[in-house]
Amino acid sequence: MKKAMGKIVGKSVLSLALVVGFVSATRAESNAEKLYKAKCMGCHAADGSANTKAGKNTGAHDFRLPDVAKETDATLIEIVTKGKKKMPKFEEKLKAKEIKELVEYVRGFSKKS
């Protein structure tokens, strides 16, 4: 009986850990998506194409292009933090963790193409 209860408890703990992990991952994606929509989508578009009026006016980069996938995380983090050409800097508006999440989110556009 103890052995059976131990297996049930063990499976319950494993199931709970998986659910908590999934919820945490979903929340992180959700936060990155919200940040992208609030801070980036105006120029870079919902699909990362930069096919917006503001994107065309500023020469915003198309995130779906292969060169984005080739950039290191450090380079992309630096661009978001310090800005580049007409892109504003976000070092005073976003936390380092938020910038990292945005970089991970942006990488998803090149994987979809």
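What to note about this one:
- The conditions of being of a type in the set (Lys, Arg), on the phi < 0 side of the Ramachandran plot and loosely packed, with under 13 Cβ neighbours inside 10 Å are met by residue 95.
- Residues that are assigned to a helix (DSSP H, G or I) and over 18 Å from residue 45 (Cα atoms), drawn from segment 80-98: 81, 82, 96, 97, 98
- Those residues of segment 30-48 which are part of a loop (DSSP other than H, G, I, E, B) and surrounded by fewer than 17 Cβ atoms within 10 Å (Cβ to Cβ), in sequence order: 46, 47
- Per the conditions (1) in contact with an Asp or Glu (Cβ under 6 Å, 6 or more places away or on another chain); (2) on the phi < 0 side of the Ramachandran plot; (3) not basic (Lys, Arg), the sole criterion not satisfied by residue 50 is (2).
- Answer residue from segment 54-70, given it is within 15 Å of the chain's Cα centre (by Cα) and assigned to a loop (DSSP other than H, G, I, E, B) and is surrounded by the most Cβ atoms within 10 Å (Cβ to Cβ) among those: 63
- The residue of segment 100-113 that is nearest to residue 62 (Cα to Cα), among those that are crowded, with 18+ Cβ neighbours inside 10 Å and under 8 Å from the mean Cα position of the chain (by Cα), is 106.
FYI, it's all coordinate maths here, none of it is from the lab. Quantities reported herein were computed from a predicted structural model and do not represent experimental measurements. All Cβ positions, glycine included, derive from the backbone under ideal geometry; neighbour counts span all protein chains shown.
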